[in-house]
Amino acid sequence: MADYTPPKIWTWDAQNGGQFASINRPIAGPTHDKELPVGKHPFQLYSLATPNGVKVTVLLEELLAAGHKGAEYDAWLIKIGDGDQFGSGFVAVNPNSKIPALMDHSGAKPVRVFESGSILLHLAEKFGAFIPSDPEGRAECLNWLFWQMGSAPYLGGGFGHFYAYAPEKFEYPINRFAMEVKRQLDVLDRQLAERDYIAGDSYSIADIAIWAWYGQLVLGRQYDAAEFLDVTSYKNVLEWAERIDARPAVQRGRMVNKTNGSPDMQLHERHDADDFKTKTQDKMGG
């Protein structure tokens, strides 16, 4: 590999970005005027079924399954490949132009919530669910929620980019980030050796956040990298990932705003619980 000498001042080459060159840019703000749709439910989610988007739809489905009727939501599809996240309406909800973004209309004044971890915490605290109520348990849950927020960029933007999406494959960045991802999996495997869930004995937003990235990785749904990373060596992580994957609310949450994979698993928009029933009937030819 030839040595690269960085220029004195970096300039943007719009074509030098691999698969995501069309949506990556060094400036913020909207590129076009486009208002966001608003449905009938208290929560309006604007998202795509990436791991960060899946976190939120899984939690919303878990809240509804637990009997929190106030968690009803509309999930609108944001096609990041088309640049929907740069529309003026979306930027008003999330100035960072990343999915997911949420508008909470349940109070006297609408509240915008962006960053997936912030959305999980907002919803968990609002409904008093999937987060421990005791100070020690809450702190441990938040430890792991923020661990995920800080760690996943090494998995996605680091390993995932250089292993799966970069226009050229280079040994150094792949080795560097593969090593870090395996270290993170070992952290999780050790944590799960003597407990059923990440933060203790109870399923929480920490599990939901981490499962969306690392659970789906070991289940073979991320970057076609399960064999490369030898994920079968992380026995505790695999058992935990499979246990969460079997939850009906998780299976529903995975479908929402999904546009790839099997058509049976794609529910581009979700506006009512019956949308899942319709999808099941379509699958069965009903």
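No value in this document is a laboratory result; all are computed from the given coordinates. Note that the structure is a prediction, hence the values are computed from the model and not measured. Note that we place each Cβ from the backbone using ideal geometry, even for glycine, and neighbour counts take in every protein chain shown.
Quick notes
- Coordinate range of the alpha-carbon atoms in the range 84-190 per principal axis, descending: 54, 41, 13 Å.
- Helical runs (DSSP H, four residues minimum) scored at -39500 (n - 2.57) apiece and divided by the length of the chain put the mean residue ellipticity at 222 nm at -11500 deg cm²/dmol.
- Taking the fewest neighbouring Cβ atoms within 10 Å as the starting point, the ordered list for 218, 38, 237 is 38, 218, 237.
- Both numbers refer to the Cα atoms of the range 25-163; Rg and Dmax are 15.7, 47 Å.
- Calculated P(r) of the chain - Cα pairs past 31 Å, %: 31 percent
- Counting only DSSP beta bridges with both residues in the range 1-144, the antiparallel share comes to about 55 percent.
- Amide H within-cut-off set for residue 78, under 5 Å, with H built and near neighbours excluded: 47, 48
- Karplus-derived HN-Hα couplings along the range 45-52 (A = 6.51, B = -1.76, C = 1.60, θ = phi - 60°), whole Hz, x at Gly and Pro: 10, 10, 7, 8, 7, 6, x, 5
- Computed over the chain: relative contact order in percent, which uses C-alpha pairs under 8 Å that are six or more apart: 21 percent
- Computed on the Cα trace of the range 135-253, the radius of gyration divided by the Kirkwood hydrodynamic radius gives Rg/Rh = 0.98.
- Of all DSSP beta bridges in the chain, antiparallel share, percent nearest 5: 60 percent
- As a length-normalised measure over Cα pairs under 8 Å and 6 or more apart, the relative contact order of the range 135-253 settles at 26 percent.
- Amide H within-cut-off set for residue 269, under 5 Å, with H built and near neighbours excluded: 257
- Cross-link reach is defined here as a Cα-Cα straight distance under 21 Å, omitting same-chain residues fewer than 8 places apart; for residue 169 the lysines meeting it are 182.
- Candidates 106, 116, 262, ranked by Gaussian network fluctuation over the chain, Cα under 10 Å, top entry: 262
- Which of 103, 265 has the fewest Cβ neighbours within 10 Å, and the rest in rising order: 265, 103
- Among 144, 211, 166 - extreme Cα towards positive end, dipole of the range 135-253, charges at beta-carbon: 166
- Residue-wise HN-Hα couplings along the range 63-74, as the Karplus relation 6.51 cos²θ - 1.76 cosθ + 1.60 with θ = phi - 60° gives them from phi, are 4, 5, 5, 7, x, 8, 5, x, 8, 4, 8, 9 Hz; Gly and Pro carry x.
- Listed from fewest to most Cβ neighbours within 10 Å, the set 50, 232, 57, 31 follows the order 232, 31, 50, 57.
- Listed cross-link partners 40/277; 109/258; 40/258 are compared with a 26 Å cut-off, the Cα-Cα value being larger for 109/258.
- Here the Karplus relation 6.51 cos²θ - 1.76 cosθ + 1.60, evaluated at θ = phi - 60°, turns the backbone of the range 214-230 into coupling constants of 7, x, 5, 5, 6, 7, x, 9, 10, 6, 6, 10, 4, 5, 4, 8, 6 Hz, with x for every Gly and Pro.
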